[in-house]
1. Count, for each residue of A:217-226, the Cβ atoms from other chains sitting within 10 Å of its Cβ, then give me the mean as a whole number.
2. Report the residue of chain C with the smallest Cβ-to-axis distance, using the rotation axis that brings C onto D, in whole Å.
3. What fraction of the DSSP beta bridges in the protein assembly as shown is antiparallel, stated in percent and rounded to the nearest 5?
4. Which residues does the label zone of residue B:159 cover in region B:179-197, counting backbone N under 19 Å from a point 7 Å along Cα→Cβ?
5. Quick one: label points 7 angstrom along Cα→Cβ at residue B:159, distances to the other copies in nm, smallest first?
6. Using 17 Å as the cut-off for backbone N distance, which residues of region B:1-23 belong to the label zone defined by a point 7 Å from the Cα of residue B:250 along Cα→Cβ?
7. Note the per residue figure in Å³ for the convex hull of the C-alpha positions in the protein assembly as shown.
8. Per residue of B:22-29, how many C-beta atoms from partner chains lie within 10 Å of its own C-beta, taken as a mean?
């Protein structure tokens, strides 16, 4: 039994306010498959917050499902998606994208981000029918290594996409933390300007379950409920996810929870930095990657849950520490104390 | 606003006991992706109730997902599944099975059930490599039209499957109601004797979400978590489904809720029969299909929610009325009163 | 060793004129993958004969490949194809269409043909996202049971397709025999009026190998070489198929060979009819289905190769006799003599 | 009009001996779909030459088709194939492998070859169900850049595969040239010792069409004709490919043609080396990659057909020159003369 788990941001159930919505609406009879009043209210609310009346909103149960269905819906059989070699779809979805028939063209990335010139290079290489045809650019914000896109970076990617007939799609598993980063200048409503499609992650930001897929580009909206049903994503009790998103956006809880997660990570990072340790990436979100001596890592693992991320050099590895809306300051401070004590 | 909805058995949230498990465990830190203690307890409990220590138990979010993943896992690319023409996979899953590359060989059925001789006939027709090779037999209990399999019928199907090297799979979206039917002689533990794989439906029997896939045949168990992940079915907060099944099986709530749903349907059917109307199928479960004059149907639809199922003859259609654990006797009685009044 | 095989119309190699084109061009250096001068000439010639300058022409090696690639190219993931229950894609392609992810909606047919009202009925049944969305109508001419479509029948199907936003696709494995039937009033150029896409079968009409896919509808033409490559259909030596179609259409050999095949079948059918036997279908093409006593069939099978097609009633079965451009009149007459002798 | 094309080794039709087999057998009536006597003789002959009575032999029309079908047959849905980043399947098959649902795990390679330690590293990285499970190792011989595997290298790969439960598959599009390289010590019969499956390329070694798939591992043989049919690879006139392979192996023509192609490339390479130009890879087969000044390349392209392969450094690129059994020495000498003249 460890003192605390920094393994991930989905170790707890849901924020109590979201359980309250569930309880409050539990015995109301509602329509099935996402046509209930809770989903409808949540969809309207999200469109309003995004400032995009044209956006189509669909709720699904998880991020891999969201990525798989959106990409399969956007691509013709011979088309591919461009992504960083570190992208979740490229590594940690057990081939879910390929299972729908599509290649991922990966490009190198140290910080988990894609650059416009990398996108252009992939497009330029794919010249004829012996090769796949890139059609979608996949990015994450925050990325798999805690970094974020700034507004001008997003718009530059959007520009290279439009110039080449590509769609720009953003995996928002940790969108809240990405947007609430102290260094972010991206507004929620900027997303609809820059992106053709994205999803707003609920599971890793306080919801019991659920992600909200946003199809901003009207050309991508037709037939999407068919795609959802065919991939097993249309929940009979869609109300469950609708209620979570209603709770998350009613009083901007979504952004508050992300800020709390980022603050906990910031407190943790500051302490680790003060103790003299460097970091693998420049993270201002709720995942941080300090580089620690392997012996210290081993001692810490006896007390705390977290993943060893990558061997950096002999005797030193980067670990991943993840905080959430539920992470108490005391646990952060306790970790820092143990770090100092054990690292001495 | 109608008086009451008989549209389906997933109009409400969850049985209050299941919300209570959620609330009780909400802030415990748990492992992700179904490796949490709630899932583990639920799995052990289900194996115990089934009397099958060897069974592998996996939780997923819905029935289409369960069917799609199990069938894709059982079949090689050129293999097919045999099902009744009324089967959920054949009609109401938007081609989810074909989307994984497999043909469904449908056979005629009035009562939603498959017979061993039909299975044998399909096998006999598929003789060479110009045709698919049938490998799985798909059945439902209760079926899509409310009927049930008796124990000897299940065992006869199992026998024809084994004789032909086929797997027998059961869609248990409404397994509780099937087993709790007054006419059923199938024990919960019989399932592991007759079937290679099945799922226990939670969504339509009181859970907020979730189905429990049972892989009884050890040959089918390897790699299944890979299949789940690849199809987007491995929930980060798998604990959500684990907690539902823990609540459902801790004190046999699963069976009690099914009995309540069947009892409500029985009360409804008895009243309709007494009013002189015939039925499309012989249902002893929570879906009944009375045949009513179209004019009466129209008047009833102004007051109650339900689907018109099929035109039976000019001026008469079968409707589908579905009850659940949450259906109050007063609503049943109110419907019967309105039926008599409006049908007079 | 039998006297002669009526098993099929691909028992021989190629018409000698087509081998001559191969030999004549054998050592010319040509571009690969269908960009050679032989393919280009053949494409231009076919467009000219069809009277359709806009048609895209692509060569592939076989009929299943043609059907699979065209249908996969026309359909989005959740869309389906409507076909007769006897259709080649529904029965004899080992699930090739489903392997690309698509359901086939089959409708009953005695004569292998589809009717507009059947198409409309399937469309009308598929109302929401719980079901696939029909998008293509698949027909064959001649059909799998030797029958043909008349011009008004094709146009009526085209009309119901256009009215419902469906594509009309024709499998022309035996298109030559279909068009050259004495009862056909369909001109070669009518095909481009009625159909969105089809293929002209070479393998079963004298070619060593090859089918010519015609994409008449310009909306279907983009990216098709990508589809071909991705499904393994772009032959490095595409010239092989180009040369066959050049030979077939240079001096209308394609139509002459079909007429010869039909004439041989007609001679055979007339003799069988004169001997007093009925037929399963009304065929005026190169596949005929006489109904014979089982005992006679057995005796004939000792001397000739042919398939028993279907048990018609106790003691009597329909057999399939297929002729080709290569069937000598003497073999037909010899069969008829044996039929009379053995049937006496 | 250029003087000569060094674009590829499939610019001509077939070796005249292979056309002769076609002509000789043209009007014999044969069974369809690869069950003819020509295929049967060719299969037996290949098994004999391989010294492997247990090997299953199947003929298909092209290399992409062979790769796609074999890999799809070997893999379960979540399994992947390991290949060099330069592999044909990774770059030049338009996503054919992904179209069957499988990820390719690519590893860096300068010389087109895979090393056992690279295979082991990929296996070691793929630890759980969030990632695909590598199951097949894909290699080519000769490789896409003209290099070859030596016997000990093949056996070392076989060993790492067996130790990790992987299958070893070889793409033999240019197997003849690989085996006939002056530096090769691999015997034809060694293939069955080292490999689970491979294909013998005909198209690029003198055949009009066709590749012979060899399934050496008995576990991989079941159901393969179903796989072929389902992917559109079972040619009605399979005799066409059978006759080519009969001609290729009857008097060891296969190996003679490969030696001739290699000799032409060797003559070309020697002349280019003598003229002072370096090479991108160490090729002893029929594809060579000299590095030339861009200005010279441009002048040569006015006279000869060939591809520019890769920019090596500013002002210099590697080109690909391919020879075949049909390449006359005079054309090689003419090219060398022009190279000296234009490069002066």
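Bear in mind these aren't lab numbers, they're just calculated from the coordinates by the rules spelled out. This one's a predicted model, so the numbers in the text were calculated from it and none came from an experiment. Every residue, glycine among them, receives a Cβ derived from its backbone with ideal geometry; neighbour counts consider all protein chains shown.
1. Partner-chain Cβ atoms within 10 Å, mean over residues of A:217-226: 3.
2. Residue with the nearest Cβ, plus whole-Å distance, for chain C: C:61, 2.
3. Just about 55 percent of them are antiparallel.
4. Answer for this model: B:185-187, B:190-196.
5. 5.5, 5.6, 7.5
6. Within reach of a label on residue B:250, which here means backbone N under 17 Å from a point 7 Å along Cα→Cβ, region B:1-23 contributes B:14-23.
7. Residue-normalised Cα hull volume stands at 180 Å³.
8. 6
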